[in-house]
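A.B. asks: The structure under discussion is supplied below as structure tokens; questions concerning it will follow.
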Amino acid sequence: MPAFARSHFSRWFARPLIPVIAALLTLSAATGLLGLQSWRDGEAINLSLEHSGQVIDTLDRLRTIIVDLETERSGYLLTLDPAYLKAYGVSDESVRRETEALQTLVANDPLQSFRAGHLALIISEKLREIDDLVKTAARVSGQAAQAMIRGMDDIRLQIDLLQDVERFQLVGWEKRAGDLERRRTRLGLAAGVIGAVLVGTAMALARIEAKRRRKATEENVQLHSDLLERDRKIRRLVDSNIIGVMIWNLEGCILEANDAFLRIVGYDREDLAARRLHRTMLTPPEWRDLDARNIAELELIGTLAPFEKEYLRKDGSRVSVLIGGAMFEEGTNQGVGFILDLTERKRAEEALRQSEERFRTLVQFSFDVYWETDAQHRFTRQEFAESLVDAPAADSEIGKTRWEVPYLEPDAEAWRKHRETLDAHLSFRDFELARPARDGSKRYVSVSGLPVFDKTGRFVGYRGVGRHITERKRAEEALRSAQAELAHANRVTMMGQLAASIAHEVSQPITAMVTNAEAGLSWLAAQPPNLEQVRQMFDCIVNDGLRAGDVIGRIRALVKKAPQQRVALEINAVVLEVIALTRLEAAKNGVLVRTRLAEGFPPIQADRVQVQQVILNLIINAVEAMGGMGDGARELLISTGRTASNGVFVSVRDSGPGLDPRTMDRLFDPFFTTKSKGMGMGLAICHSIIEAHGGRMWAGANEPRGAIFQFTLPVEPDETVPSGYVDPMSAV
């Protein structure tokens with residue numbers, strides 16, 4: 001194992017082993033103390049056992065000596081042999097010595113000491129008694145002297161009693177010794193188990209610590225690697241020159257900077273190396289107080305929030321920058337600053353400001369109101385032109401929809417269609433509505449809007465403008481009145497031209513009525529009267545009268561000034577009515593009128609008089625154009641048909657001299673005419689009438705010669721064109 005690994009390994013184990021070793025030392029100390037106490041207790045017990053053994057041995061020897069003494073006494077008294085007296089003296093001395101030894105041994109035990117003392121008195125008395133008998137044994141027979149000596153039973157009794165007590169104590173000490181030995185065994189086992197547990201714990205903790213240290217080492221290595229990578233990234237950021245980076249001290253000296261910063265302030269590396277870059281010289285005078293406050297804040301909290309200021313460049317110009325910074329660490333006076341050049345942003349802001357000013361000017365001079373709505377079509381913003389004298393109160397309509405503010409027009413159906421457009425998120429133009437003005441009149445507004453979507457494509461509302469068109473509506477109303485007058489004059493003029501045809505159309509049913517009346521009178525005068533024929537004549541008279549009334553009614557409707565009324569019309573019937581009015585005029589000019597009328601048309605919604613006027617103008621113009629021809633056929637073909645958009649068209653073709661290609665684009669202009677006595681209003685009025693009905697009118701060359709005029713009318717009227725609308729540029 002390498003030395004570095006071994007040192008790490010030892011360090012890994014050092015920390016968890018310290019508390020374990022401390023615990024082991026504590027356990028050893030406690031075990032030692034307990035062992036010392038146990039040793040002391042064992043020594044005391046051993047001393048007690050030894051003492052009890054000595055007492056018992058002493059008592060045994062004393063018993064033996066007493067037995068020997070009794071034997072010697074009995075032998076001497078029976079034989080009076082002096083040989084026994086020598087042994088007797090020795091036994092007597094042994095008894096006294098053992099008695100004294102016994103008293104010495106049991107001196108610490110009051111009860112045993114008392115008993116030993118009592119035993120010593122008994123023995124002393126017994127020995128004195130024996131001595132006395134020995135002295136008188138020569139005078140008294142031995143058997144008589146022996147009978148006179150009491151036995152040694154009381155001495156044996158005391159010795160037995162002392163021995164019993166000592167044996168009992170010996171048993172107790174032996175039991176305590178066994179308990180002490182078992183306690184020692186348990187203590188040793190407990191100490192061993194605890195030691196093993198502590199060692200195992202130490203090993204486990206060491207293993208855990210080793211893993212933790214290893215993980216910490218790996219994390220430190222990773223952190224070090226991350227730190228190096230972060231340092232490389234920071235270095236790349238500094239060297240990439242995306243933003244300016246500088247290192248400075250609190251005194252204001254710029255110690256280091258990247259190329260981006262030098263480019264911002266217009267200095268070079270030589271200036272930086274010569275320490276010619278200083279915060280004071282780069283900061284304009286009016287910014288220096290703010291700089292001082294920022295430096296104080298930087299010293300206090302260590303960081304500086306980004307703020308805008310200006311730098312003086314080397315050439316004397318100024319540059320707007322965003323600057324922020326931080327101290328490197330506490331206790332130092334150096335830090336790092338990050339500088340972002342705001343020149344482009346300032347330009348963009350100025351361009352945006354100018355754009356907003358241009359937009360505001362455009363709104364002020366082009367529109368009367370700018371508005372915005374949210375996804376629920378509620379107003380969120382309204383800006384009214386300063387020239388608008390009757391603008392609503394500020395914010396009075398914010399939070400409301402367009403149909404929740406007071407209005408007079410349009411009707412519910414128009415609002416429904418407008419709301420369908422809004423809900424479909426479609427753009428719209430020139431939606432007209434009328435609001436009540438302060439004087440009680442109507443104030444007309446034309447509104448246009450575009451849907452607005454966010455970056456995800458989610459609809460967020462509308463943005464648009466509004467224009468007050470009250471004056472335009474009044475001008476249009478006046479124009480419509482003037483046009484109605486012109487149209488009426490045009491129709492009256494045409495009626496004058498068609499006077500002969502009108503007289504012919506009226507005279508025909510009148511002549512027929514006179515003829516039928518005369519025939520009826522003849523049938524009445526017959527004998528007998530033919531009443532059936534008379535009734536038939538009267539029916540013919542009624543039909544001719546109704547026919548004459550229809551002709552006169554159509555002429556009166558065409559001539560009188562009446563407001564426009566759109567009704568369901570059969571276009572073929574209208575064409576035939578006009579042809580009937582112009583039949584005599586066509587015959588007078590030698591024009592052959594032919595028709596090609598398609599069948600199965602649905603009715604159209606239109607004003608009968610105005611459509612008649614258009615067809616009448618086209619027919620009269622064609623008849624007059626062909627009337628001035630010298631040679632050649634004079635034919636007029638009037639046809640109808642269905643358009644591709646499910647509308648109807650009417651075509652008037654003549655075989656006249658045709659149209660001049662140079663004037664084709666001016667045919668429908670007001671006051672333009674090719675007639676020597678014409679006013680130039682007929683075709684202009686016809687063109688405006690057709691457009692007001694939602695149709696289209698145009699002219700072209702006929703083949704092989706002549707001109708063709710055509711117009712179309714929709715089956716359903718165009719709801720986007722107001723009723724009665726006339727293009728102001730179509731007629732003046």
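A.B. asks: For the stretch 169-194, name all the residues that are farther than 12 Å from S48 by Cβ and surrounded by 11 or more Cβ atoms within 10 Å (Cβ to Cβ).
C.D. replies: G178, D179, E181, R183, R184, L187, G188, A190, A191, G192, I194 - these are the residues of the stretch 169-194 that are farther than 12 Å from S48 by Cβ and surrounded by 11 or more Cβ atoms within 10 Å (Cβ to Cβ).
A.B. asks: Which condition number in (1) modelled with pLDDT of 85 or more; (2) open to solvent by 60 Å² or more (accessible area, probe 1.4 Å); (3) under 22 Å from F649 (Cβ atoms) is the one that R566 fails?
C.D. replies: The single condition R566 does not satisfy is (1).
A.B. asks: Within the stretch 395-444, which residues are under 41 Å from the mean Cα position of the chain (by Cα) and among the acidic types (D, E)?
C.D. replies: D395, E397, E404, E413, E420, D423, D430, E432
A.B. asks: Also, I was wondering about something else. When you look at S91, is it modelled with pLDDT under 65 and in a helix (DSSP H, G or I), yes or no?
C.D. replies: So S91 fits the description; yes.
A.B. asks: Please go through (1) open to solvent by 50 Å² or more (accessible area, probe 1.4 Å); (2) within 20 Å of V369 (Cα to Cα) for K417 and return the number of the only condition it doesn't satisfy.
C.D. replies: (2)
A.B. asks: Among the residues of the stretch 41-63, is there at least one that is part of a helix (DSSP H, G or I), within 18 Å of L189 (Cβ to Cβ), at pLDDT 75 or above and more than 60 Å from the chain's Cα centre (by Cα)?
C.D. replies: no
A.B. asks: If a residue must be closer than 19 Å to I510 by Cβ, modelled with pLDDT of 75 or more and acidic (D, E), how many such residues does the stretch 526-549 contain?
C.D. replies: The qualifying residues number 1.
A.B. asks: Could you give every pair whose Cβ atoms fall below 6 Å, whose first residue belongs to the stretch 199-227 and is assigned to a helix (DSSP H, G or I), and whose second residue is aliphatic (A, V, I, L, M), counting only separations of at least 6 or pairs across chains?
C.D. replies: Pairs found: A202/L17; A202/V20.
A.B. asks: When the stretch 666-700 is examined, which residues are found to be loosely packed, with under 14 Cβ neighbours inside 10 Å and modelled with pLDDT of 80 or more?
C.D. replies: Answer for the stretch 666-700, where residues must be loosely packed, with under 14 Cβ neighbours inside 10 Å and modelled with pLDDT of 80 or more: just G700.
A.B. asks: I'm checking my understanding of the structure. Among residues of the stretch 420-450 that are open to solvent by 20 Å² or more (accessible area, probe 1.4 Å) and of a type in the set (S, T, Y), which one is farthest from H468 (Cα to Cα)?
C.D. replies: Here the residue is T421.
A.B. asks: Let me confirm something: among R480, R474, which residue is surrounded by fewer than 17 Cβ atoms within 10 Å (Cβ to Cβ), among the basic types (K, R) and at pLDDT below 85?
C.D. replies: R474
A.B. asks: For the stretch 246-261, which residues satisfy the criterion of being part of a loop (DSSP other than H, G, I, E, B) and surrounded by fewer than 17 Cβ atoms within 10 Å (Cβ to Cβ)?
C.D. replies: Correct list: L250, E251, G252.
A.B. asks: Does Q37 satisfy the criteria of being part of a helix (DSSP H, G or I), under 30 Å from A120 (Cα atoms), open to solvent by 40 Å² or more (accessible area, probe 1.4 Å) and modelled with pLDDT of 70 or more?
C.D. replies: Here the answer is no, as Q37 does not meet what is asked.
A.B. asks: Shifting gears a bit: Which residue is farthest from I685 (Cα to Cα), if the candidates are limited to the stretch 601-620 and must be in contact with a strand residue (DSSP E or B) (Cβ under 8 Å, 6 or more places away or on another chain) and modelled with pLDDT under 85?
C.D. replies: Here the answer is F601.
A.B. asks: Still on this structure, I have one more. Report, by residue number, each residue of the stretch 49-71 that is over 17 Å from I123 (Cα atoms) and open to solvent by 70 Å² or more (accessible area, probe 1.4 Å).
C.D. replies: E50, Q54, D57
A.B. asks: On the basis of being touching a Lys or Arg at 6+ places or on another chain (Cβ under 7 Å), open to solvent by 10 Å² or more (accessible area, probe 1.4 Å) and in contact (Cβ under 8 Å) with a residue 40 or more places away in the chain, does Q605 make the cut?
C.D. replies: The answer is yes for Q605.
The values are calculated or read from the model by the stated rules, or taken from the named source; none is laboratory data. Just so we're clear, the structure is a prediction, and the values are computed from it rather than from any experiment. Glycine gets a Cβ as well: all are built from the backbone with ideal geometry, and neighbour counts include every protein chain shown. For the accessible areas, the whole protein counts, side chains as well, though only heavy atoms, and no ligand, DNA or RNA atoms are used. Shrake-Rupley method; radii C 1.70, N 1.55, O 1.52, S 1.80 Å.
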